[in-house]
Amino acid sequence: MSLLELKNVTLKFGGLTAVNDVSFAVEKGEVFALVGPNGAGKSTIFNMISRFYTPYSGDILFEGKSILNKATHEIAGLGIARTFQNIELFEQASVLQNMLVGRYTHRRSNFLTEMLFTPFVRREEFAHREAVERAIDFLDLQPYREKMIAGLPYGVRKVVEMGRALAIEPKLLLLDEPASGLSVEETQDVAFWIEDIKKIMGITVLMVEHDMNLVSAVSDRVLALADGKTLAVGSPSEVQNDPAVIEAYLGSDDHEEAA
Amino acid sequence: MDLLQLLISGLANGCVYGLIGLGFVLIYKATESVNFAQGDMMMLGAFITLGLTNQSYVGLPFWLAVILAIVIMGILGYLLEVVFIRPMFGQSQIAVVILTIAIGFVARFVAGLIWGHEPQSLENPFVGKDVGFGGLVLGLDEVVIIGTTLALTGGLYLFFAYTRIGLAMQAASQNQLAAYYMGIPVKRIHSLVWALAGALAAIAGVLFASKGAIDPSTGLLGIKAFAAAIIGGFGSLPGALLGGLVVGLIEPLSSRYVAAGVSQIMPYLMLLLVLILRPHGLLSQVKAKKV
Amino acid sequence: MRIVFKTSYDADIRLFKHGAQAFWYAVLLALAIAAPFLLGSFLTGEATNVLIWAICGMGLMLLVGQSGQASLGHAAFMAIGAYSCVLLQTLAGLPFLLAFPLAGVITGIVGAIFALPVTRLHGIYLAIATIAVSIMMEDIIVLSEPITGGVNGLFAPDIEIFGLNFNRYSNPSGLYWLVLAIAVLVALVYRNMQRSPLGRSFAAVRDSEISAQAMGINVARTKALAFGLSCAITGLGGALMGYFATIFNHETFNIVISINLLLMIVIGGLGTIHGAFLGAIVIGFLPQAIAFSRDAIGEWTGIGSIVVPGLESGIFALILIGFILLEPMGMYGRWVKIRTYFELFPFARRDMFRRQKTYLKTERIR
């Protein structure tokens, strides 16, 4: 059984078909990348998986069960975490607070016990904090723990968002352009982290990325999209050498600049 | 015939709400902030006219006083923007709401100092005169109010839809930073809009005062006008007028057909219903944010 | 500047950051408890009034500062608290000790029910909806005269707990201590809320609803919960205000009170418990300060006392304008700056508190 499976998913905005009959399956333990030019429907697929959009037709299965009957806020509880293309952090809170919000799905206390701050709530807080500290150590965020998001540089925000998603301790991690806007060094860090997330943490990764170097370096399989339709699926090199992909997406330009 | 009379007077009331609402919408459309002092600006406009024309004060001719009041309120609107609102540039809507509420308090206080807290009447040429429309007898004040409102709404609508500066105002509201990049002088445009809203408030004030007495707390009418503008659909000029008319009509009708005490509640009940069923008003302009 | 070496996660969770802070709050509490002995009965009454405003302010602060929803109609919920508490005592015959918390619960439930359809609204739309509630509440109170007493108002019985009478006039210190205890309890609950998942979910909804949903937070439920809790606290404050006024009607909780409550917490400093108390001190003592300075000026110039109607709200509004333009973080923000200046002396710099330049995007697309 695949961890995540999209079956003939189609989404229309008005007259525009953003995603057209796309099917693919993400296996447990792999890094799966979606590539394609802007407007190909990659982020739209992410938004359907996290239930911000509902497909016009088709089905989305997570661990064999359809998630289309779930509300947006129930997705994280299933074990699907995500980051956003345009960074959506809680600006008026510290890095630590942001990452602690990631623990929300593990909350076992309710608002009454929390207002009384019972010993149980305190123990839970310690547990949440330990989980968050693991993510902080993993991503080297120690210097920023107490800093407000509003004052942080772009690269750090990007990492914090990834840390917040990891704090959920998900089964599936959706990374929406994890390297966009990052320097070469920062992108290398991201590549290492994705490797470790897969190997050490055992989390399956589905990502959208334009940087073909990163995609080739970390992903096991790649799906190329154009105009909402599947062009090719396979290993990074297979997809890069696929005639249809070269024709429609990479064009005659240099590979790396194609996005 | 009695019902028709009731409807006309309701329409005239609604037009005054609509005119105040236009001021709200104007500022909102162009600057994305809400001026809660719009009602108090109307009150000031009315009092300035009253102070200039009434025999017990300066005693200028009525029309001269009206023009002067419009100019003074325009300048006041401009200055309010430059001194108080501009430092708030880019901050949240609610901060501006709170600031303008405070400005309204101050306006009420100043008006009380100058003109006192007793209700006063504006001496005007419309009072007590009637116009006949094929058997139907209407008060001249009501006819003037309805006519002026229609003309102003139409003019402003055309202004936003077709003039360069009107379009620039719309652009400035939708994304300040992008508007900057496009070379639109966002700040100057904001000041101009406030000046326009001030002038509009003066006209609304004169029209309101021509129907009855005013006192410094008249500005609280702004809350009802704001509710009306929201009912119509905030951000839409015809919506503001529509909302004003709806509220203007529902008040006399509900007190006549339901119960006298209910007419106070009706506009707000209506507002809540509209907000729940159509959260952004009858003529809605809101789209969902892209993730 | 004090540097705290954190040796456990508890350092970030416990109520006080370090011993000195705990000490100063203990001193403050001791002074507050001793106040009736130092102030005399008139000022003790005024201090009680300030504490009641602070409780109401904390209620609204939870909504505005924590969950980012503005309410310009909280006086309506003060009214619900006051009327239900008194009616539970007079009609249902409950003792104060039961009626008071029950009034809070009732107000909270009413608030949450009101919030469910309304919290989908943002910014000004929510603001006008709450204004509408406040205005309607005044009329509803007048219309339901058989229960509420209408324009004539309702007479609040004395507060009695275990035979002890807390009448405002016969036992001003007792009432003060009772209100102080409630204020401290509310502050404690507020603090607990801030440091638990509940407070974080409020902040998440405030800063990014999209992201909050992706983290598993039910936005509508969280907002309604914030509204309900806020209304419950404000309802408790309103009930105390009713007893403090001894007789109250729709005018006691009119729209101006709603607006004043919001302006008060802005002056005090949004998002902090301190802000609620500092703002309450301003709103509570401003009339006294004005009366005092009026008499002083009158004596000094020899013209006698000048009476200017509306002076209080005028000055209140001017103070508010000054704060919004010059110190948007309110009195508490100013205090933090002064404290940092002395802690770092002479190394504090103006830039440390520089605000980021922000640009507003339309709220019509969200």
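Out of (1) surrounded by 22 or more Cβ atoms within 10 Å (Cβ to Cβ); (2) more than 12 Å from every other protein chain (Cβ to nearest Cβ); (3) hydrophobic (A, V, I, L, M, F, W, C), the odd one out for A:PHE46 is which?
(2)
Can you name the condition, by its number, that A:GLU130 falls short on among (1) touching a helix residue (DSSP H, G or I) at 6+ places or on another chain (Cβ under 9 Å); (2) acidic (Asp, Glu); (3) closer than 17 Å to A:HIS106 by Cβ?
Of everything listed in (1) touching a helix residue (DSSP H, G or I) at 6+ places or on another chain (Cβ under 9 Å); (2) acidic (Asp, Glu); (3) closer than 17 Å to A:HIS106 by Cβ, A:GLU130 misses just condition (1).
Restricting attention to segment C:197-217, and to residues there that are of a type in the set (S, T, N, Q) and in contact with a Ser or Thr (Cβ under 6 Å, 6 or more places away or on another chain), which single residue is farthest from the other protein chains (Cβ to nearest Cβ)? It would help to see each step written out before you state the result.
The first filter runs over segment C:197-217 and keeps only residues of a type in the set (S, T, N, Q), leaving C:201, C:208, C:211, C:213.
Next, only the ones that are in contact with a Ser or Thr (Cβ under 6 Å, 6 or more places away or on another chain) stay: C:201, C:213.
Values: C:SER201: 6, C:GLN213: 4 Å.
If we take residues in segment C:197-217 being of a type in the set (S, T, N, Q) and in contact with a Ser or Thr (Cβ under 6 Å, 6 or more places away or on another chain), then C:SER201 is farthest from the other protein chains (Cβ to nearest Cβ).
Could you please find all residues in segment A:181-240 being part of a loop (DSSP other than H, G, I, E, B), farther than 21 Å from A:GLU27 by Cα and modelled with pLDDT of 90 or more?
A:LEU182, A:SER183
Quick grid of which residues meet (1) of a type in the set (A, V, I, L, M, F, W, C); (2) within 22 Å of A:LYS158 (Cα to Cα):
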{"residue": "A:LYS42", "(1), (2)": "no, yes"}
{"residue": "A:PHE46", "(1), (2)": "yes, yes"}
{"residue": "A:TYR56", "(1), (2)": "no, no"}
{"residue": "A:ILE80", "(1), (2)": "yes, yes"}
{"residue": "A:GLN97", "(1), (2)": "no, yes"}
{"residue": "A:GLY102", "(1), (2)": "no, yes"}
{"residue": "A:THR105", "(1), (2)": "no, yes"}
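Within segment C:106-160, track down each residue that is within 30 Å of B:THR100 (Cβ to Cβ) and part of a loop (DSSP other than H, G, I, E, B).
Result: C:THR119, C:ARG120, C:LEU121, C:HIS122.
Do we have B:LEU152 as under 21 Å from the mean Cα position of the chain (by Cα), buried (at least 22 other Cβ atoms within 10 Å of the Cβ) and either of a type outside the set (Ser, Thr, Tyr) or within 14 Å of chain C (Cβ to nearest Cβ) (or both) here?
no
For segment C:262-275, what are the residues that are assigned to a helix (DSSP H, G or I) and out of contact with any Phe, Trp or Tyr (no Cβ under 8 Å at 6 or more places or on another chain)?
C:LEU262, C:ILE265, listed by residue number.
Looking for whichever is over 14 Å from A:LEU172 (Cβ atoms) and part of a helix (DSSP H, G or I) here; the options are A:ASN20, A:ASN38, A:ASN47. Which one fits?
A:ASN47
Quick check on my filter: what residues within segment C:103-113 are farther than 16 Å from C:TYR83 by Cβ and either crowded, with 21+ Cβ neighbours inside 10 Å or modelled with pLDDT of 95 or more (or both)?
Scanning segment C:103-113 gives a single hit, C:ALA112.
Could you list, in sequence order, all residues of segment A:63-82 that are crowded, with 18+ Cβ neighbours inside 10 Å and in contact with a helix residue (DSSP H, G or I) (Cβ under 6 Å, 6 or more places away or on another chain)?
Within segment A:63-82, A:THR72, A:HIS73, A:ALA76, A:ALA81, A:ARG82 meet the criteria.
Pull up segment C:320-335, narrow it to residues that are more than 7 Å from every other protein chain (Cβ to nearest Cβ) and hydrophobic (A, V, I, L, M, F, W, C), then point me to the one that is farthest from B:THR100 (Cα to Cα).
C:TRP335
Scan segment A:103-120 and give yes if some residue there is under 20 Å from the mean Cα position of the chain (by Cα), in a helix (DSSP H, G or I) and facing chain C (nearest Cβ under 7 Å), otherwise no.
Step one: list which residues in segment A:103-120 are under 20 Å from the mean Cα position of the chain (by Cα), which gives A:103-106.
Narrowing further to those that are in a helix (DSSP H, G or I): A:103-106.
If we keep only those that are facing chain C (nearest Cβ under 7 Å) as well, we get A:104-105.
Yes, there is a match, as at least one residue in segment A:103-120 is under 20 Å from the mean Cα position of the chain (by Cα), in a helix (DSSP H, G or I) and facing chain C (nearest Cβ under 7 Å).
All but one of (1) in contact with a helix residue (DSSP H, G or I) (Cβ under 7 Å, 6 or more places away or on another chain); (2) outside any helix (DSSP H, G or I) hold for B:SER56, so report the exception by its number.
Every listed condition holds for B:SER56 apart from (1).
Consider segment C:151-162. How many of its residues are within 18 Å of C:GLN89 (Cα to Cα) and either among the hydrophobic types (A, V, I, L, M, F, W, C) or within 11 Å of another protein chain (Cβ to nearest Cβ) (or both)?
Adding up the residues that qualify gives 6.
If C:ARG200 satisfies all but one of (1) closer than 30 Å to B:VAL96 by Cα; (2) over 22 Å from the mean Cα position of the chain (by Cα); (3) in a helix (DSSP H, G or I), what's the number of the condition it fails?
Every condition holds for C:ARG200 apart from (2).
Just give me the residues in segment B:167-207 being more than 14 Å from every other protein chain (Cβ to nearest Cβ) and surrounded by fewer than 17 Cβ atoms within 10 Å (Cβ to Cβ), in sequence order.
Of everything in segment B:167-207, those that are more than 14 Å from every other protein chain (Cβ to nearest Cβ) and surrounded by fewer than 17 Cβ atoms within 10 Å (Cβ to Cβ) turn out to be B:LEU167, B:GLY183, B:PRO185, B:ARG188.
Exactly one of these conditions fails for B:SER33: (1) within 17 Å of B:ALA102 (Cα to Cα); (2) in a helix (DSSP H, G or I); (3) not hydrophobic (A, V, I, L, M, F, W, C). Give me its number.
Evaluating B:SER33 over (1) within 17 Å of B:ALA102 (Cα to Cα); (2) in a helix (DSSP H, G or I); (3) not hydrophobic (A, V, I, L, M, F, W, C) leaves (2) as the failure.
Given the criteria of a type in the set (S, T, N, Q) and more than 8 Å from chain C (Cβ to nearest Cβ), does A:GLN85 qualify?
yes
With (1) under 15 Å from the mean Cα position of the chain (by Cα); (2) modelled with pLDDT under 95 as the list, and C:GLY237 as the residue in question, which single condition is left unmet?
With respect to (1) under 15 Å from the mean Cα position of the chain (by Cα); (2) modelled with pLDDT under 95, C:GLY237 is out only on (2).
Under 9 Å by Cβ, and 6 or more places apart or on different chains, what pairs join a residue from segment B:183-194 that is within 13 Å of B:ILE85 (Cα to Cα) with one that is among the basic types (Lys, Arg) and part of a helix (DSSP H, G or I)?
Going by the 9 Å Cβ cut-off, the qualifying pairs are B:LYS187/B:ARG86; B:HIS190/B:ARG86; B:SER191/B:ARG86; B:VAL193/B:LYS29.
Is it fair to say A:MET162 is within 14 Å of the chain's Cα centre (by Cα), assigned to a helix (DSSP H, G or I), of a type outside the set (Ser, Thr, Tyr) and at negative phi?
So A:MET162 passes the test.
Looking at C:THR107, is it away from chain B (no Cβ under 11 Å) and of a type in the set (S, T, N, Q)?
Yes: the conditions hold for C:THR107.
Just for segment A:124-149: of the residues that are within 20 Å of A:GLU186 (Cα to Cα) and of a type in the set (A, V, I, L, M), which one is farthest from the other protein chains (Cβ to nearest Cβ)?
Selected residue: A:LEU139.
For segment B:97-149, how many residues are facing chain C (nearest Cβ under 9 Å) and within 23 Å of B:LEU6 (Cβ to Cβ)?
0
Take C:VAL179 and decide whether it is crowded, with 21+ Cβ neighbours inside 10 Å, away from chain A (no Cβ under 14 Å) and modelled with pLDDT of 95 or more. Give the derivation first.
Working: crowded, with 21+ Cβ neighbours inside 10 Å: yes; away from chain A (no Cβ under 14 Å): yes; modelled with pLDDT of 95 or more: yes.
Answer is yes for this residue.
Among C:GLY271, C:GLY235, which is the only one that is in contact with a helix residue (DSSP H, G or I) (Cβ under 7 Å, 6 or more places away or on another chain), within 13 Å of another protein chain (Cβ to nearest Cβ), small (Gly, Ala, Ser) and touching a residue at least 60 places away in the same chain (Cβ under 8 Å)? Talk me through it step by step, then tell me what you get.
Working: C:GLY235 fails: within 13 Å of another protein chain (Cβ to nearest Cβ).
Testing whether each residue is in contact with a helix residue (DSSP H, G or I) (Cβ under 7 Å, 6 or more places away or on another chain), within 13 Å of another protein chain (Cβ to nearest Cβ), small (Gly, Ala, Ser) and touching a residue at least 60 places away in the same chain (Cβ under 8 Å) leaves just C:GLY271.
Among the listed residues C:ALA348, C:ALA317, identify the single one that is modelled with pLDDT of 60 or more, within 14 Å of another protein chain (Cβ to nearest Cβ) and on the phi < 0 side of the Ramachandran plot.
Of the residues listed, the single one that is modelled with pLDDT of 60 or more, within 14 Å of another protein chain (Cβ to nearest Cβ) and on the phi < 0 side of the Ramachandran plot is C:ALA317.
Name the single residue, out of those in segment A:50-79 being charged (D, E, K, R) and assigned to a loop (DSSP other than H, G, I, E, B), that is nearest to the other protein chains (Cβ to nearest Cβ).
A:ARG51
The values are calculated or read from the model by the stated rules, or taken from the named source; none is laboratory data. As the structure is a prediction and not an experimental result, all values here were calculated from the model. Methodologically, a virtual Cβ is constructed for each residue, glycine included, from the backbone with ideal geometry; neighbour enumeration extends over all protein chains shown.
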